[in-house]
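Below is one structure; the comments refer to it alone.
The values are calculated or read from the model by the stated rules, or taken from the named source; none is laboratory data. Just so we're clear, the structure is a prediction, and the values are computed from it rather than from any experiment. FYI the Cβ positions are ideal-geometry reconstructions off the backbone, even for glycines, and counts take in every protein chain you see. What goes into the accessible areas is simple: the full protein's heavy atoms, side chains included, and nothing from ligands, DNA or RNA. Shrake-Rupley method; radii C 1.70, N 1.55, O 1.52, S 1.80 Å.
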Amino acid sequence: MLTLRGNFASQVFVNAVKTSVGVAMPKVRAIVTEGDRSLAWMSPDEVLLILPHAELAAVRTRLTEALAGEHALVVDVSDARAVLTVSGAGAREVLAKLCPVDLAPDAFGPGEMRRTRAAQVAAAIWMSGEEEFTLIAFRSVAGYVMGLLTAAAAPGGEVGVFA
């Protein structure tokens with residue numbers, strides 16, 4: 001994962017990202033996926049690039065060179081993050097128990113990204129499949145988040161709000 005920060009209004013920045021990464025800039029609260037690369041909106045001046053680890057160094061170098069002279073930041077944050085997948089018919093409900101986000105199907109669908117929290121820790125979530133969500137959290141709290149997800153998904157705790 002690479003964090004990219006810069007001026008989204010700068011055509012130099014936008015072109016450098018598109019050319020170096022091969023993925024268009026996402027809209028606000030969106031994630032764009034092209035093949036095995038995804039670019040997620042994180043804030044008004046930050047996107048998160050998710051790509052195969054083997055390609056990270058080359059892409060980071062291309063981005064750094066393409067953004068020379070621009071006010072921008074390109075940082076490898078791979079080791080700071082943990083990625084968890086929640087899948088199955090109850091995935092939406094499991095996350096709704098933990099995240100203060102409207103996860104109703106008509107409010108949150110494919111291509112949407114939310115920075116939020118899972119209980120009391122920072123997280124980002126998006127739909128990565130039909131009944132699948134991906135959650136990113138800091139690696140330092142990964143065990144805690146896994147415990148939260150396990151408890152929220154425990155049999156007998158179904159609420160049925162999205163049924």
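In the stretch 50-94, which residues are part of a loop (DSSP other than H, G, I, E, B) and within 18 Å of the chain's Cα centre (by Cα)?
Within the stretch 50-94, the first condition is being part of a loop (DSSP other than H, G, I, E, B), and the residues that meet it are 51-52, 67-72, 77, 88-90.
If the condition is that a residue be part of a loop (DSSP other than H, G, I, E, B) and within 18 Å of the chain's Cα centre (by Cα), then LEU51, PRO52, VAL77 are the ones that fit.
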- [ ] Would you mind telling me which numbered condition in (1) part of a helix (DSSP H, G or I); (2) open to solvent by 40 Å² or more (accessible area, probe 1.4 Å); (3) under 29 Å from GLY129 (Cβ atoms); (4) without any contact (Cβ under 8 Å) to a residue 60 or more places away in the chain PHE8 fails?
- [x] (1)
Open item on the list: For ALA163, only one of the following conditions fails: (1) open to solvent by 80 Å² or more (accessible area, probe 1.4 Å); (2) small (Gly, Ala, Ser); (3) at pLDDT 95 or above. What is its number?
Closed with: (3)
Open item on the list: Condition first: closer than 15 Å to VAL17 by Cβ and open to solvent by 70 Å² or more (accessible area, probe 1.4 Å). Now tell me which residues in the stretch 70-88 satisfy that.
Closed with: HIS71, LEU73
TODO: May I ask you to verify whether ALA152 is of a type in the set (A, V, I, L, M, F, W, C) and either open to solvent by less than 70 Å² (accessible area, probe 1.4 Å) or closer than 12 Å to ALA82 by Cα (or both)?
DONE: yes
Open item on the list: Return the residues of the stretch 107-133 that are outside any strand (DSSP E or B) and either surrounded by 20 or more Cβ atoms within 10 Å (Cβ to Cβ) or in contact with a His (Cβ under 9 Å, 6 or more places away or on another chain) (or both); say none if nothing qualifies.
Closed with: PHE108
